[in-house]
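Below: the structure, in structure tokens.
Nothing in this text is a laboratory measurement; each read-out follows from the coordinates by a stated rule. Everything quoted here is computed from the prediction, not taken from an experiment. Methodologically, a virtual Cβ is constructed for each residue, glycine included, from the backbone with ideal geometry; neighbour enumeration extends over all protein chains shown.
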Amino acid sequence: MKDISHDRLLIIDFGSQVTQLIARRLRELNVYCEIHPFNNVDFAFLENFNPKAVILSGGPSSVTEVDSPRAPKELFEMGIPLL
């Protein structure tokens, strides 16, 4: 079995209607990806999952709202591609 741990892409779902479509298109390109809801992704999860890149799939909340969901700050310090 091929080791896919070095080619894993993480999609963090913030409630977007197109998250599943994004994952499907990536899988059609033979890219291994997993979708996880934003509230389940913390620094420990990121360290364990060790993604090669991350896609932040937006939701209905405005980023300017005080209580809007946020990605873990450590994500931006990992030095991996973010979309």
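Can you give the helix-only mean residue ellipticity at 222 nm for the chain, where every DSSP H stretch with n ≥ 4 adds -39500 (n - 2.57) and the sum goes over all residues, rounded to the nearest 500 deg cm²/dmol?
For the chain, the value works out to -5500 deg cm²/dmol.
Taking the chain as a Gaussian network, where each spring joins two C-alpha atoms under 10 Å apart, which residue of LEU29, LEU56, LEU46 fluctuates the most?
Highest fluctuation among the options: LEU29.
Please list 3J(HN,Hα) in residue order for segment 65-78, calculated via the Karplus relation 6.51 cos²θ - 1.76 cosθ + 1.60 where θ = phi - 60°; whole Hz, with x for glycine and proline.
6, 4, 9, 5, x, 10, 6, x, 4, 5, 4, 7, 10, 7
How much net charge surrounds ALA53 when only other residues with a Cβ under 10 Å from its Cβ are counted (Lys, Arg +1; Asp, Glu -1)?
After counting each charged neighbour, the total is +1.
Would you kindly derive the ³J(HN,Hα) couplings of segment 31-38 from the backbone phi angles with the Karplus curve 6.51 cos²θ - 1.76 cosθ + 1.60 (θ = phi - 60°), listing them in order in whole Hz, with x for Gly and Pro?
9, 6, 9, 10, 9, 9, x, 4
Please state the Cα pair-distance histogram of the chain with 10 angstrom bins from zero: what percent is in each bin?
P(r) for the chain, in whole percents per bin: 17, 51, 28, 4, 0.
Ignoring trypsin sites (Lys or Arg not before Pro) that are buried or in helix or strand per DSSP, and keeping those with at most 16 other beta carbon atoms within 10 Å, what is the longest stretch of the chain between them?
Details: sites that count: LYS2, ARG8, LYS52, ARG70.
Longest run free of exposed loop sites: 9-51.
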